[in-house]
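To start, the structure under review is shown below, and the notes come after it.
The values are calculated or read from the model by the stated rules, or taken from the named source; none is laboratory data. What you are looking at is a predicted structure, and each value in this text was computed from that prediction instead of being measured. Here the Cβ is made from the backbone with ideal geometry for all residues, glycine too, and neighbour counts use every protein chain on show. Heads up: the accessible areas ignore ligands, DNA and RNA and are worked out on the full protein's heavy atoms, side chains in. Shrake-Rupley method; radii C 1.70, N 1.55, O 1.52, S 1.80 Å.
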Amino acid sequence: MSAVPKRILPVIAISQFAGTSVWFAINAVMADLQRDVALPAAAVGWLTASVQIGFIAGTFGFALLSIADRFSPRMVFLVCSLLAGALAAATALLPPELKLLLALRFLTGVALAGIYPVGMKIAAGWFAQGLGWALGVLVGALVVGSALPFALRALGASWSWQAVMLAIAAVATGGGLLMHAFVPDGPHLAPAARITPRALAVIWSDRAVRASAFGYFGHMWELYAFFVLIPAIVATRFQGAAAAWWVAITMALGGVACVAGGALARRVGGSRVAAFQLASSGLCALLAPWLLEAPLWAWGAWLLWWGATVLWWGATVSGDSPQFSALTAANAPRAMVGSVLTFVNAIGFTLSTATITLFAALAARGPLAQVLPWLAVGPAIGLAFLAPLWKAAR
């Protein structure tokens, strides 16, 4: 790692942070949109799910066409960051009609497929040694970047929702320009493996791969649905800038937990950390009916802890983490490692699309105390599948 210029990892992390800020941008201004253009309460689920669908389509499209192999990854990152910025600006400047917003959010997901995974590939091109630490930092940057729109909403409490979206557009554009200007393609850049449908069978037939994959699916049941519901949870106690700050801090804390979880995983094993995360976040969901009405100190501790533990997985056994990649590489046929990771991510994000829309619709119709405990279903199933790995690690 000593041969890698010191600027490389910080610049990649800042660029990743900036590019992924568009992910939840619409969520940060949803209250304004619902007030100004009478969007239904469930629209937050539809719009967030649209990003997920776009990300899935973009990931497969980029992989099948070998975009990041045919072209310089830093150029792909730049183009997709500029596209993400342009789409955020279009959201602010075009008439805020639901069908148009859904199309813009879908295209934003496609652009994110050229930012998040490609940013990881750029990092892998530089860090032949210490890649796990580098990817842990980048996952943390993604999470903090997702929280940025809420922080901007809090800082600009008097801003219009259009001004917030334009600020996000500028941040995303700046991230692409920063990466292109200061991070050349690394010396260890390697072509991606070709996608083969046979990898789908490996996900189920290999015991260790099945354990980690279905643990990840259980996590994806709750992760993005929880993100979508954080503003509703916070709205039970706070409004305005204070509410936006609580949402931003809850999400950003998960980014810190990603880095901490990665460091802890190296000491006690990724499967143990993942099992603890699933158990902890599931317990937070089950305790929701009582803690929603608890004193402020208990309510705040519960929400912040939930936000932190639900993201620990990002640094342990999720589809993009070094620990999960190591488990997959050790158990899947070597020629299928890339395919297995791609399919696991696609299945996980598809599941998150379903749960986002489901829980957003449920929250629009009923009290949170009856909705939030159902988030624990995913962690419970994930923990059951993951059991062979964390028990073997004892």
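What Kirkwood Rh does region 164-214 have if only Cα atoms enter the pairwise 1/r average? Answer in Å. Before the final figure, lay out each step's value.
Numbers: mean 1/r = 0.0658 Å⁻¹.
Taking every pair of different Cα atoms in region 164-214, averaging 1/r and inverting gives 15.2 Å.
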Along region 68-80, Karplus-curve 3J(HN,Hα) (6.51, -1.76, 1.60; θ = phi - 60°) to the nearest Hz, with x for Gly and Pro, reads 6, 9, 6, 10, 4, x, 5, 6, 4, 4, 4, 4, 6
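For region 32-138, give the magnitude of the charge dipole about the Cα centre (Cβ charges: +1 Lys/Arg, -1 Asp/Glu; no others), in debye to the nearest 20. Write out the running numbers ahead of the final one.
Values: 6 positive and 4 negative charges, 41 e Å.
My answer is approximately 200 debye.
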Quarter of the surface of the C-alpha convex hull for region 342-394, i.e. direction-averaged projected area in nm², equals 4.8 nm²
Among 211, 183, 348, the residue whose Cα sits farthest towards the positive end of the charge dipole of the chain, when +1 is placed on the Cβ of each Lys and Arg and -1 on the Cβ of each Asp and Glu, is 211
With all protein chains in place and a 1.4 Å probe, residue 203 shows an accessible area in Å² (nearest 10) of 10 Å²
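In Å², what does the accessible area per residue of the chain work out to with a 1.4 Å probe? Working shown, then result.
Details: 15430 Å² over 394 residues.
On a per-residue basis, the chain sits at 39 Å².
Quick one: order 204, 290, 306, 126 from most to least accessible surface, probe 1.4 Å. Write out the running numbers ahead of the final one.
Values: 204 140, 290 180, 306 0, 126 35 Å².
Heavy-atom accessible area, descending, gives 290, 204, 126, 306.
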Note, residue 29: beta-carbon cut-off 12 Å, +1 each Lys/Arg, -1 each Asp/Glu, net 0
Phi-derived 3J(HN,Hα) across region 167-172 with the Karplus relation (6.51, -1.76, 1.60, θ = phi - 60°), rounded Hz, x for Gly and Pro, is 5, 5, 4, 5, 5, 4
Diffing region 220-230: the Karplus 3J(HN,Hα) column from phi (6.51, -1.76, 1.60, θ = phi - 60°), in whole Hz with x for Gly and Pro, holds 5, 4, 9, 4, 6, 5, 4, 4, 5, 8, 4
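Express in % the proportion of alpha carbon pairs of region 14-113 at distances exceeding 22 Å. All intermediate terms of the calculation are to be shown ahead of the outcome.
Working: 1456 of 4950 pairs.
Value for region 14-113 (Cα pairs over 22 Å): 29 percent.
About the Cα centre, and with charges only on the beta carbon of Lys, Arg (+1) and Asp, Glu (-1), how big is the dipole of the chain? Nearest 20 debye, please.
Working: 21 positive and 9 negative charges, 167 e Å.
So the dipole magnitude of the chain works out to roughly 800 debye.
Using a 1.4 Å probe over the heavy atoms of the protein chains, calculate the carbon and sulfur portion of the accessible area of region 129-211 as a whole percent. Don't skip to the answer; put the middle values down first.
On the way: 2450 of 3740 Å².
Of all accessible area on region 129-211, carbon and sulfur atoms account for 66 percent.
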